[in-house]
Amino acid sequence: MPHVYRLGRRAQFRRGDLTVGIVQTSADPDDPWARLNLIDEGARAGDVVDVRAGDEVAVGRHVLTLVEVVPGTRDGHVSFTVAWPGGEDDASAE
């Protein structure tokens with residue numbers, strides 16, 4: 001089972017060529033979404049996307065699957081897994 005990463009607001013996840021940052025989370029508990037900044041430096045690809053739990057988002061050579069999106073202006077966060085290029089496991093992506 002892939003590792004689940006948790007990222008809080010105003011935090012950044014960096015591993016290998018992949019960078020994920022939360023730009024914004026919704027404040028509405030009935031409509032949880034987050035806006036993420038995604039960058040794959042190795043593929044020179046990037047995007048800003050709005051996501052909800054269950055979404056799959058590709059950026060460059062990586063695919064993120066959103067496990068949880070918790071709304072909140074201060075304590076909002078997202079949890080996600082990453083499909084690494086070439087089927088790498090988490091340890092080899094460092």
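Structure data summary
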quantity	calculated
Enumeration of residues in the range 75-87 that are within 19 Å of Gly8 (Cα to Cα) and either assigned to a strand (DSSP E or B) or under 10 Å from the mean Cα position of the chain (by Cα) (or both)	His77, Val78, Ser79, Phe80, Thr81, Val82
Selection from the range 32-44 of residues that are surrounded by 14 or more Cβ atoms within 10 Å (Cβ to Cβ) and not hydrophobic (A, V, I, L, M, F, W, C)	Pro32, Arg35, Asn37, Asp40
Sole residue being over 21 Å from Gly87 (Cα atoms), under 10 Å from the mean Cα position of the chain (by Cα) and in contact (Cβ under 8 Å) with a residue 12 or more places away in the chain, chosen from Arg52, Arg9, Arg35	Arg35
Which listed residue, of Arg6, Arg10, is out of contact with any Ser or Thr (no Cβ under 7 Å at 6 or more places or on another chain) and not aliphatic (A, V, I, L, M)	Arg10
Residues of the range 28-42 classified as touching a strand residue (DSSP E or B) at 6+ places or on another chain (Cβ under 8 Å) and either assigned to a strand (DSSP E or B) or of a type in the set (Gly, Ala, Ser) (or both), total	7
In the range 10-31, the residues that are among the acidic types (Asp, Glu) and surrounded by fewer than 16 Cβ atoms within 10 Å (Cβ to Cβ)	Asp28, Asp30, Asp31
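Every residue, every condition in (1) buried (at least 18 other Cβ atoms within 10 Å of the Cβ); (2) in a loop (DSSP other than H, G, I, E, B); (3) under 10 Å from the mean Cα position of the chain (by Cα); (4) modelled with pLDDT of 95 or more, yes or no:
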position: His3; (1), (2), (3), (4): no, yes, no, no
position: Gly46; (1), (2), (3), (4): no, no, no, yes
position: Val67; (1), (2), (3), (4): no, no, yes, yes
position: Thr73; (1), (2), (3), (4): no, yes, no, no
position: Asp89; (1), (2), (3), (4): no, yes, no, no
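The values are calculated or read from the model by the stated rules, or taken from the named source; none is laboratory data. Everything numeric here is computed off the predicted structure, so don't read it as measured data. Heads up, the Cβs are rebuilt from the backbone with ideal geometry, glycines too, and the neighbour counts pull from every protein chain shown.
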